[in-house]
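The values are calculated or read from the model by the stated rules, or taken from the named source; none is laboratory data. Computed from a predicted model, the values in this text were never measured in an experiment. Cβ atoms come from the backbone with ideal geometry, glycine included; neighbour counts cover every protein chain shown.
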Amino acid sequence: MSETQTDTESTRSAEPGRDTLDTDTMQWVSAIVALAGLGLVAYPFMFESTEAAVWNDTLVGTAIFLLGGYNFYRLSKDRLANVAVAALATLLGLWALVSPAVIEMGSSELAMTTAAGGLITAALSAYNAYANSKADVPERTAARA
């Protein structure tokens, strides 16, 4: 027999329209955002780039890394991620997505990786902001590894 809890009343949140958030899953989302920020920092040094592209990717990537890392830290302490921080990371991701059209990157490889990093950041940060704005109380895990 399975020991899965079947009592739906005890698993339902107190306020209708609000869901319980699994912080372990959202931690991974924030970690991927932070890694995408590190990728943005590294791309100009891996591909041919202009000085403007180096500054753009380094500053935007560092900010995304710090914002994603902050939400990762909050979620590791079983707290909800900061929605404003996730929204700012979304805006920075959107800037990274369109920046190759605005700034001369120096190579098509750098333009594509910058846009891809921006797309990943924008999508995951937007999901993070949405999920955390709709969440009530994070689920507590039984044990940490």
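Residue-wise test of (1) over 27 Å from residue 73 (Cα atoms); (2) modelled with pLDDT of 90 or more; (3) surrounded by fewer than 15 Cβ atoms within 10 Å (Cβ to Cβ).
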residue	(1), (2), (3)
3	yes, no, yes
25	no, no, yes
33	no, yes, no
60	no, yes, no
Legend entry - Sole exception among (1) in contact (Cβ under 8 Å) with a residue 24 or more places away in the chain; (2) on the phi < 0 side of the Ramachandran plot for residue 78, by number: (2)
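Which is modelled with pLDDT of 95 or more and under 18 Å from residue 127 (Cα atoms), of 75, 80, 97? If you could, list the steps in order and put the result at the bottom.
Values: 75 fails: modelled with pLDDT of 95 or more; 80 fails: modelled with pLDDT of 95 or more.
None of the other options fit; the residue is 97.
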Inset, instruction - Could you tell me whether region 100-108 includes any residue that is part of a helix (DSSP H, G or I), surrounded by 17 or more Cβ atoms within 10 Å (Cβ to Cβ) and not hydroxyl-bearing (Ser, Thr, Tyr)? - result: yes
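Does region 40-55 include one or more residues that are aromatic (Phe, Trp, Tyr), in a helix (DSSP H, G or I), on the phi < 0 side of the Ramachandran plot and out of contact with any helix residue (DSSP H, G or I) (no Cβ under 7 Å at 6 or more places or on another chain)?
Pass one, region 40-55, residues aromatic (Phe, Trp, Tyr): 43, 45, 47, 55.
Those still in the list that are in a helix (DSSP H, G or I) too: 43, 45, 55.
Right, trim to on the phi < 0 side of the Ramachandran plot and you get 43, 45, 55.
Narrowing the set further to residues that are out of contact with any helix residue (DSSP H, G or I) (no Cβ under 7 Å at 6 or more places or on another chain) leaves 45, 55.
Yes, some residue in region 40-55 is aromatic (Phe, Trp, Tyr), in a helix (DSSP H, G or I), on the phi < 0 side of the Ramachandran plot and out of contact with any helix residue (DSSP H, G or I) (no Cβ under 7 Å at 6 or more places or on another chain).
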Inset, instruction - Inspect region 83-91 for any residue being surrounded by fewer than 22 Cβ atoms within 10 Å (Cβ to Cβ) and of a type in the set (Ser, Thr, Tyr) and give the result as yes or no. - result: no
